[in-house]
Amino acid sequence: MSNDSSENCPAVSSDSRSRPGHAIAGSRRCSRLCPASRARTTSLLNLAAELLDPGESYVEVGSYRGTSLVAAMLGNDGEFVAIDDFSFEEATQEGLEASLQRFGLEGATIIGGDAFELLEGGALKGRSVGVYYYDAAHDYESQLRGLQLVEPHLAREALLVVDDSDWDEVRRATADYVTGQPNAQLIFDIPGSDGWWEGMQVLAWREVRPA
Ligand SMILES: C[S@@+](CC[C@H](N)C(=O)[O-])C[C@H]1O[C@@H](n2cnc3c(N)ncnc32)[C@H](O)[C@@H]1O
């Protein structure tokens, strides 16, 4: 889990504020958001969200104070959903909303509560999830469930982004998930290094079903 203790990642000062808009190109769009340790992680989320088809949602589980959500939304169209139980110290819905406001970002749906109860309870009902980013509890069981529970809501083709994949339980859960789910394929697996925090994996979801 990318527990960024700097906590000010999304809280850049007003003079370094980026306005949403495609004028800010590619990875540079996120370069002001975060310390260099997470610059590539946030850029990847921004690029993934840029690939949303009309009507699709970007959904993230684990938003904390908003770094990843702001990164995904900057300059992108689509529906954005953040799920967090705000159990982390200093994680609050008000803090998350303040981060969005700082960047002039509107329209995100913030759902407070336990992600597993929410996903099982139909919180994503009616959505077509084109990008799913999981960055909450990273024990093996949670990690696996976090991937499995979103399946009914995924678009026919989607991206699943897993953070902190250097962690042993995260890595094992992703590997077991891919082994047991023929619709999912690991397409990107980069260890933590300069700009990548503690590793990141991307799975491509392609649903095979009769046309
Ligand atoms: C590492 S932080 C997320 C960081 C965020 N993605 C970012 O870029 O700053 C993990 C978040 O997951 C939340 N969380 C942990 N367990 C959860 C659960 N079972 N359901 C929902 N949110 C949870 C915590 O409150 C915390 O805000």
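Among residues of the range 197-209 that are among the acidic types (Asp, Glu), those with a beta-carbon under 8 Å from a residue that is in a strand (DSSP E or B) at least six positions away or on a different chain give the pairs 198/163; 207/154; 207/156; 207/157. Among all positions in the range 121-140, there is no residue which is more than 28 Å from residue 193 (Cα to Cα), within 13 Å of the ligand (Cβ to nearest atom), under 16 Å from the mean Cα position of the chain (by Cα) and not charged (D, E, K, R). Selection of the range 64-80 for residues being crowded, with 22+ Cβ neighbours inside 10 Å and either free of Cβ contacts under 8 Å to residues at least 60 places away in the same chain or more than 24 Å from residue 117 (Cβ to Cβ) (or both) yields 65, 66, 67, 69, 70, 71, 73, 74, 76, 80. Going through (1) part of a loop (DSSP other than H, G, I, E, B); (2) out of contact with any Lys or Arg (no Cβ under 8 Å at 6 or more places or on another chain) one by one, residue 47 falls short only on (1).
Put simply, of 136, 175 the only residue that is of a type in the set (Gly, Ala, Ser) and under 16 Å from residue 60 (Cβ atoms) is 136. For the range 191-199, the count of residues that are closer than 19 Å to residue 41 by Cα, more than 13 Å from the chain's Cα centre (by Cα) and among the hydroxyl-bearing types (Ser, Thr, Tyr) is at least one. May I ask you to say which residue of 148, 101, 185 is closer than 24 Å to residue 70 by Cβ and either within 16 Å of the chain's Cα centre (by Cα) or exposed (fewer than 14 other Cβ atoms within 10 Å of the Cβ) (or both)? Criteria check complete, one pass: 101. Per the listing 81, 70, 61, the residue uniquely within 12 Å of the ligand (Cβ to nearest atom), of a type in the set (Val, Ile, Thr) and in contact with a Lys or Arg (Cβ under 9 Å, 6 or more places away or on another chain) is 70.
Select from the range 44-58 the residues that are touching a residue at least 60 places away in the same chain (Cβ under 8 Å) and more than 13 Å from the ligand (Cβ to nearest atom) and list them in ascending order. Selection gives 48, 49, 51, 52, 53, 55, 56, 57.
Bear in mind these aren't lab numbers, they're just calculated from the coordinates by the rules spelled out. None of these values were measured; they are calculated from a predicted model. No Cβ is skipped: glycine too gets one built from the backbone with ideal geometry, and neighbour counts run over all protein chains shown.
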